[in-house]
1. Using a cut-off of under 18 Å, list every residue of segment 174-200 whose amide N is near the label point 7 Å from the Cα of residue 271 along the Cα-to-beta-carbon line.
2. Using +1 at the C-beta of Lys and Arg and -1 at the C-beta of Asp and Glu, which of 143, 112, 127 has the Cα lying farthest in the positive direction of the dipole of segment 102-188?
3. Whenever you get a sec, compute what percent of the accessible area on the chain sits on carbon and sulfur atoms (1.4 Å probe).
4. Using only Cα atoms, figure out Rg for segment 159-271 and give it as a multiple of 2.2 N^0.38 Å.
5. Quote the relative contact order of the chain in percent (integer), defining contacts as alpha-carbon pairs under 8 Å separated by 6+ residues.
6. Starting from the alpha-carbon convex hull of segment 144-188, give the projected area averaged over all orientations, in nm².
7. Treat each spin label as a single point 7 Å out from the Cα along the C-beta direction, and report the residue 253 to residue 133 distance in nm.
8. So what is the calculated 222 nm ellipticity per residue for the chain, using -39500 (n - 2.57) for each DSSP H run with n of 4 or more, over all residues, to the nearest 500 deg cm²/dmol?
Amino acid sequence: MAEAAEQLGIVATRASVAMGARVEGIDLAQDGGAEVIAELRELLFEHHLLVLPGQVLTALELEAFGRRWGELLTHPATKHRDTDYVQVIGSKAANKLRFFGGAHPFGGGWHSDMTWHSTPPFISGLHAQRLPSSGGDTAFANQHMAYESLREDLRERIADLKAFHTGKVFGPDVEDSVHPVVRTHDETGRKALYVNGNFTKYIVDMPEDESELLLFRLLAHATRPEFVYRHHWELNDLVLWDNRSVMHYAMRDYDEARVMHRFVVKGGTPT
């Protein structure tokens, strides 16, 4: 892989100990062919998250790049005027915490994208369009590390559990799903925690109080600082991450406009 990357002019440097790589030497507006995608895919499986700086892309170009990874999903929230497959994520916060109705009380921020979907995204891509003068970072947490650092007795306890994920925060017709608490990665076979504060409502076939306590314990562990990479955005950064093994949290510590474009690539049924 290193030789192929060198031939393509791709330079990857580790972004943090926990996860992530900064990938330079690529202009996706000019070169996003099969060889480039193959190298990025290998890097993503290794590092779980990729930062591609300086990518000047329209929404349609971002969509075209996303389609090279697979079938794209739409999202029930806002859509770009040029395509249903790019979501516009814009906000102007004043250091306020936002909690989704019905979400686990420990949550309100940390999540994997669209886990309420029957086939949640396996890749998410976020492209910086407009940034505040300060604040607005995004934190990402490595859920392979989170799972592998659990005590053995807790890993045994949660091995076969399933959890209910709700998408009703986006409307009454949005689907809900049941997924394993521990997910096995389709390509690498590594296991990862697969619960989150925004969309995981309860553990199936478990008393409510016991479910609440277990989710609290897992979520507190899943976002420990040593599992986290914090990305400070620059304009035109494109960040890709493996939604099967990564949670993220958009920090609302700014009072100016912040606008992102996002695409999500359909995954398989979590197992």
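1. Label zone hits: 178-194.
2. Going by the Cα projections, it comes out as 127.
3. Within the chain, the accessible surface is 49 percent carbon and sulfur.
4. 1.20
5. Over the chain, the number comes to 33 percent.
6. With every direction weighted equally, the projected area is 4.3 nm².
7. Label at residue 253, label at residue 133, 1.8 nm between them.
8. -6000 deg cm²/dmol
The values are calculated or read from the model by the stated rules, or taken from the named source; none is laboratory data. Just so it is clear, the model here is predicted, and its values are computed rather than measured. Cβ atoms come from the backbone with ideal geometry, glycine included; neighbour counts cover every protein chain shown. Surface areas here come from the heavy atoms of the whole protein model, side chains and all, with no ligands, DNA or RNA. Shrake-Rupley method; radii C 1.70, N 1.55, O 1.52, S 1.80 Å.
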